[in-house]
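Let me begin by presenting the structure, written as structure tokens, before commenting on it.
Where a number appears in this text, it was derived from the coordinates with a stated rule and is not lab data. Keep in mind that this is a model prediction, so the values were computed, not measured. Don't worry about glycine lacking a Cβ; one is built from the backbone with ideal geometry, like all the others, and counts go over all protein chains shown.
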Protein chains: 2
Amino acid sequence: MTIIDGRKSTKKILSSLKRKITILKKQGRRFKLAVVLVGNDQASLSFIKQKEKSCLRIGIDFELFHFQSDIKTDDLCKKLKIIQEDTTVSALIVQLPLPEHINARQVLENINPKLDVDCLTSFNLGKLTAGIYNILPPTPAAIIYLIKEYKINIKSKHIVIVGKGELVGKPLSILLTQDQNTLTVCNKHTKNLESYTKQADLIISAVGKKDLITGSMVKKDVIIIDAGVNFRGKKIFGDVDFTSVSKKAKFITPTPGGVGPVTVAKLLENILSIDSK
Amino acid sequence: MTIIDGRKSTKKILSSLKRKITILKKQGRRFKLAVVLVGNDQASLSFIKQKEKSCLRIGIDFELFHFQSDIKTDDLCKKLKIIQEDTTVSALIVQLPLPEHINARQVLENINPKLDVDCLTSFNLGKLTAGIYNILPPTPAAIIYLIKEYKINIKSKHIVIVGKGELVGKPLSILLTQDQNTLTVCNKHTKNLESYTKQADLIISAVGKKDLITGSMVKKDVIIIDAGVNFRGKKIFGDVDFTSVSKKAKFITPTPGGVGPVTVAKLLENILSIDSK
């Protein structure tokens, strides 16, 4: 059994990015990530903290735009417009989830696709779907990176994705259907989840529910990528019960230290790749 | 066992469209579908014939632009530009497949999204993926229409799509993942296809391979939507062996007379819906 070391991969990606940024800065280039946060969701605050730290470490400026949770959709869109008029902003993300009363899609459509490093605008989703993307959404990018990094062969394998969310399940299922495998997407409407997970050669879980996947639900030598995140107090958990599942898995990502840090690294990589100039 | 009657649904859709077009024409509106064909693929010629007939029947003008199979990608793109400069063209499709030497994606990206009634540009695919579309690709639209028309409940069901092509499998899998079901996408890289089809509550096949799905590969009371098309001489076949599968199915589409005609009707519906003005 191999534990996939997300922190090691992250270090590698960030070092390479830092070198590139140092060179580009000497040529007069600057990079700045603007993050839009609405409300005080604890997980969001923690993710943003990680993004800020990583940005500053490799030489990307960072600015947080923090709005109260009762802001209206239209007002938030107006704020976005103003933020994006600042030509020093080279990338922008709106931290999800947004409060329920906000029309998230309308807000996302107000992100300039050239700044959209989370790849959430319909413009960039279209490129992704058509297979002509130059950036991928950070979490799917991190997952695909780790699969390649650990030389995991997914050709003709049965991949089961659990979760169909905007950030992971949905874009990842589009990307993986373009590949040479069989793909099943499960979600909260799936009856008898374990009948699917038991068949999987590779399980990618992105729900945010502690112990959703346990040892009895997987077959021997399964590969487990855990992209779920949920907090209990300050402690972070994935979807997978690591203790029981790791006894059967061939490869497994831990939480913390698995997909999470690589996701941040891939976000920063996107800031360079999207090339908004 | 119920045979899904695509021709009956088509008549209904076309009558409604004809009424709408008659009213719109009195208001001075005109509609014209431009079809771009490269080479002489027999199936393509047959599809185009059907589209032309249906267009003329309900009052949509039709123009075919037929190019030789050795046309280069760049030249085809230039031709597209000229065709789309004609303001009487309100919708345009490039008949797929294009010859191998042509970069199909490059050609499709040269379609004006406002004329793109096949919903193949990355712009319109992005809207589809983001869930903010006003048109759907014709075959997925036809399939979803028939499912609703026959009041087939797909909530919490296991849907298996066979095929991941640009016209059916790919867009349909994106649409159905946004729904409340479990979805598996199989393709030519799938090992042991019948282990998946046997689990399915609903099978949608869109490969173009005669007798790909036979009675022994499905469970009792399965619902079968056959969107495969292949010609043997002038005779048209789907993917499904109707004789053996219909003995076990609860609902089944025949070929011909199933998904095909509804697809044409949905294409024509898109010409009105896309509203290029």
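With θ set to phi - 60° and the Karplus curve 6.51 cos²θ - 1.76 cosθ + 1.60, what are the ³J(HN,Hα) couplings of segment A:223-235 in order, to the nearest whole Hz, using x for Gly and Pro?
Per-residue couplings from phi come out as 10, 10, 10, 9, 10, x, 9, 8, 9, 10, x, 9, 7 Hz.
When only Cα pairs under 8 Å and 6 or more residues apart are kept, what is the percent relative contact order across segment B:188-277? Could you put the intermediate results ahead of the total?
Working: 147 pairs, mean separation 23.1, N = 90.
It comes to 26 percent, rounded to a whole number.
How many nm is it between the label spots at A:Q42 and A:K78, if each spot is 7 Å from the Cα in line with the beta carbon?
Reported label-point gap for A:Q42 and A:K78 is 3.4 nm.
Please give the average number of partner chain Cβ atoms lying within 10 Å of the Cβ of each residue in B:102-108, rounded to a whole number. Show your work: numbers first, answer last.
Working: counts 0, 0, 0, 3, 1, 0, 2.
Mean number of neighbouring Cβ atoms from other chains: 1.
Within segment B:24-38, whose backbone N sits under 14 Å from a point 7 Å along Cα→Cβ of B:D86?
Only B:31-37 fall inside the zone, counting backbone N under 14 Å.
With a 10 Å cut-off between alpha carbons and a GNM built on chain B, which of B:I225, B:I71, B:I48 moves the most?
Highest fluctuation of the listed residues: B:I71.
Describe numerically, in nm with one decimal, the distance between label points set 7 Å from Cα along Cα→Cβ at B:R57 and at A:K12.
6.0
Look at the axis of the rotation that sends chain A onto chain B, then give the chain A residue with the nearest Cβ and the distance in whole Å.
Axis-proximal residue of A, distance in whole Å: A:G126, 1.
For the pair B:K49 and B:T243, how long in nm is the line joining their label points, each one 7 Å along Cα→Cβ?
2.6
Nearest 5 percent is fine: what portion of the DSSP beta bridges confined to chain B is antiparallel? Walk me through the numbers on the way to the answer.
Numbers: 3 of 33 bridges.
Antiparallel bridges make up about 10 percent of those DSSP assigns within chain B.
Say R0 is 41 Å: what FRET efficiency, to the nearest 0.05, do A:T214 and B:K250 get from their beta-carbon distance?
On the way: r = 35 Å, r/R0 = 0.85.
Plugging the Cβ-Cβ distance into 1/(1 + (r/R0)^6) gives 0.75.
Filter A:K8/A:K219; A:K164/A:K247; A:K155/B:K219; B:K164/B:K250; A:K248/B:K157; B:K210/B:K234 down to the pairs with a C-alpha to C-alpha distance above 23 Å, please.
Working: A:K8/A:K219 27 Å; A:K164/A:K247 27 Å; A:K155/B:K219 27 Å; B:K164/B:K250 25 Å; A:K248/B:K157 29 Å; B:K210/B:K234 14 Å.
A:K8/A:K219; A:K164/A:K247; A:K155/B:K219; B:K164/B:K250; A:K248/B:K157, as the Cα separations exceed 23 Å there.
Once you compute Rg and the Kirkwood Rh from C-alpha atoms, what is the Rg to Rh ratio for the protein assembly as shown? Display every interim value, and only then the final one.
Working: Rg = 24.8 Å, Rh = 25.2 Å.
A ratio of 0.98.
Bins of 5 Å, beginning at zero and ending with the bin holding the largest distance: percent of Cα pairs per bin for segment A:138-260, please.
For segment A:138-260, the pair-distance distribution reads 2, 12, 24, 28, 22, 10, 2, 0, 0.
Within the set A:K51/A:K266; A:K266/B:K170; A:K127/B:K148, which residue pairs have Cα atoms separated by over 18 Å? Each step should come with its number before you reach the end.
Details: A:K51/A:K266 11 Å; A:K266/B:K170 26 Å; A:K127/B:K148 30 Å.
Result: A:K266/B:K170; A:K127/B:K148 exceed 18 Å.
Would you please classify the overall shape of segment B:32-113 from the alpha carbon gyration tensor, given that a ≥ b ≥ c denote the square roots of the eigenvalues, rounded means a/c under 1.5, and beyond that prolate means a/b larger than b/c while oblate covers the rest?
Values: a/c = 2.28, a/b = 1.28, b/c = 1.78.
Since a/c reaches 1.5 but b/c is at least a/b, the shape of segment B:32-113 is classed as oblate.
Measure of size requested: the Rg and Dmax of chain A, with Cα atoms as the atom set and Å as the unit; please supply both.
18.6, 57
Report, in order of residue number, the helices in chain A meeting two criteria: a C-alpha extent of 15 Å or more along the helix axis, and a mean Kyte-Doolittle hydropathy of at least -0.5; treat each whole DSSP H run as one helix.
Numbers: long enough: A:6-26 (30 Å, -0.74); A:42-58 (25 Å, -0.32); A:73-85 (18 Å, -0.56); A:138-149 (16 Å, 0.69); A:259-273 (20 Å, 1.06).
Once both thresholds are applied, what remains is A:42-58, A:138-149, A:259-273.
Within a 10 angstrom radius of each residue's Cβ in B:114-122, how many Cβ atoms of other chains show up on average? Whole number is fine.
Details: counts 0, 0, 0, 0, 0, 0, 1, 2, 12.
Going residue by residue through B:114-122 and averaging, the value is 2.
Could you work out the helix-only [θ] at 222 nm for chain A, with each DSSP H run of four or more residues adding -39,500 (n - 2.57) and the total divided by the number of residues, to the nearest 500 deg cm²/dmol? Don't skip to the end; give the middle numbers.
Numbers: 10 runs with 112 residues, N = 277.
Result for chain A, helices only: -12500 deg cm²/dmol.
Measuring label to label, 7 Å along Cα→Cβ, what does A:K198 give against each other copy in nm, shortest first?
From this label point to the equivalent ones elsewhere in the assembly: 1.4 nm.
On a straight-distance basis, which aspartates and glutamates could pair with B:K79 in a cross-link, Cα separation under 18 angstrom, same-chain partners fewer than 8 positions away excluded?
Straight-line reach from B:K79, under 18 Å: B:E63, B:D70, B:E109, B:D116.
In percent, what relative contact order does segment A:138-260 have, based on Cα pairs under 8 Å that are 6 or more apart in sequence? Please report the intermediate quantities before stating the final value.
Details: 246 pairs, mean separation 27.6, N = 123.
Answer for segment A:138-260 is 22 percent.
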